[in-house]
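Take a look at the structure set out below.
FYI, it's all coordinate maths here, none of it is from the lab. Predicted model only: the values in this text are computed from it and were never measured. All Cβ positions, even for glycine, are placed from backbone atoms using ideal geometry, and neighbour counts span all protein chains on display.
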Amino acid sequence: MCEVTNLAATYGEYAIATGASSGIGEEFARHLSSVGLNVVLVARRIDRLQRLAGELSDAYDTHTIVLALDLLADGAVAELHRRVAHLDIGIVVVNAAMSTTGPLVNNSLSEELAVLRLDGAVPLETAHRFGRDFARRRRGAIILVASSLEAGQILCNGQTCATSQITTPRPS
Ligand SMILES: NC(=O)c1ccc[n+]([C@@H]2O[C@H](COP(=O)([O-])OP(=O)(O)OC[C@H]3O[C@@H](n4cnc5c(N)ncnc54)[C@H](OP(=O)(O)O)[C@@H]3O)[C@@H](O)[C@H]2O)c1
């Protein structure tokens, strides 16, 4: 097994965590900061991001940047990419997500389309934009956080299944 001990030297000094205002994204941000990376926190709820940024700068000797962005807004991924262009970004944790529950036909179409976009097209665009940078520099890592619910809930939750198929990287 290959163990990477210095993430900043291996990948770059900054990591991005989308969906960092709660849950798994918030924990990713804490962990990345604890291992010495500067972290860009992305989500809509700026109050929660600012509270986390304060906690991280009290606890660790790293720099934290808060970017309040609605990733469903037109051009949001391009804006994220543009706003961090001056930073040495090495890791992107693509985690922001939403989900619906219950039978597809009981839910609103607009909400289902938003799930498809946030959990499918947004990760794809993020991986494409930052992946190109990383390929050019020949270093960088993209972590795609998805759901494993597709294993058993295809009939009840086809969206989770569909978007997880899109966002789960396959081993080579
Ligand atoms: N929880 C589980 O048991 C579990 C298990 C396996 C996989 N996962 C996967 O892990 C990921 C995160 O799950 P979680 O449970 O941590 O979810 P969560 O607590 O609901 O967090 C979702 C995050 O996404 C952000 N977000 C939602 N809509 C957004 C938008 N339009 N623009 C920007 N940010 C947005 C939210 O922030 P704002 O509301 O502030 O924007 C929040 O920070 C998902 O991909 C999920 O499928 C979860």
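Being crowded, with 17+ Cβ neighbours inside 10 Å, among the aliphatic types (A, V, I, L, M) and touching a Pro at 6+ places or on another chain (Cβ under 7 Å) holds for only one residue in LEU118, LEU144, LEU80, and it is LEU144.
Would you pick out the residues in the stretch 101-115 that are more than 14 Å from LEU72 (Cβ to Cβ) and surrounded by 14 or more Cβ atoms within 10 Å (Cβ to Cβ)?
ASN107
When the stretch 12-32 is limited to residues that are touching an Asp or Glu at 6+ places or on another chain (Cβ under 9 Å) and farther than 17 Å from GLY54 by Cβ, the one that is surrounded by the most Cβ atoms within 10 Å (Cβ to Cβ) turns out to be GLY19. Output the number of residues of the stretch 71-89 satisfying the condition of being of a type in the set (Asp, Glu) and either on the phi > 0 side of the Ramachandran plot or within 14 Å of the ligand (Cβ to nearest atom) (or both). Final tally of qualifying residues: 2.
Of the residues making up the stretch 24-70, those that are assigned to a helix (DSSP H, G or I), over 19 Å from ILE143 (Cα atoms), charged (D, E, K, R) and within 8 Å of the ligand (Cβ to nearest atom) number 1. HIS81 falls short on exactly one of the conditions (1) out of contact with any His (no Cβ under 9 Å at 6 or more places or on another chain); (2) free of Cβ contacts under 8 Å to residues at least 12 places away in the same chain, and that condition is (2).
If I filter the stretch 97-117 for residues that are closer than 12 Å to THR18 by Cβ and in contact with a Ser or Thr (Cβ under 7 Å, 6 or more places away or on another chain), do I get at least one hit? Looking through the stretch 97-117, none of the residues is closer than 12 Å to THR18 by Cβ and in contact with a Ser or Thr (Cβ under 7 Å, 6 or more places away or on another chain). With the structure loaded, tell me whether VAL93 is crowded, with 24+ Cβ neighbours inside 10 Å, in contact with a helix residue (DSSP H, G or I) (Cβ under 7 Å, 6 or more places away or on another chain), in contact (Cβ under 8 Å) with a residue 60 or more places away in the chain and not in a loop (DSSP other than H, G, I, E, B) or whether it fails that test. It is true that VAL93 is crowded, with 24+ Cβ neighbours inside 10 Å, in contact with a helix residue (DSSP H, G or I) (Cβ under 7 Å, 6 or more places away or on another chain), in contact (Cβ under 8 Å) with a residue 60 or more places away in the chain and not in a loop (DSSP other than H, G, I, E, B).
Here MET98 meets the list (1) in contact with a Phe, Trp or Tyr (Cβ under 9 Å, 6 or more places away or on another chain); (2) within 13 Å of the ligand (Cβ to nearest atom); (3) part of a loop (DSSP other than H, G, I, E, B) almost entirely, failing just condition (1).
Taken together, VAL115, VAL145 contain a single residue that is within 14 Å of the ligand (Cβ to nearest atom), among the hydrophobic types (A, V, I, L, M, F, W, C) and under 19 Å from LEU7 (Cβ atoms), which is VAL145.
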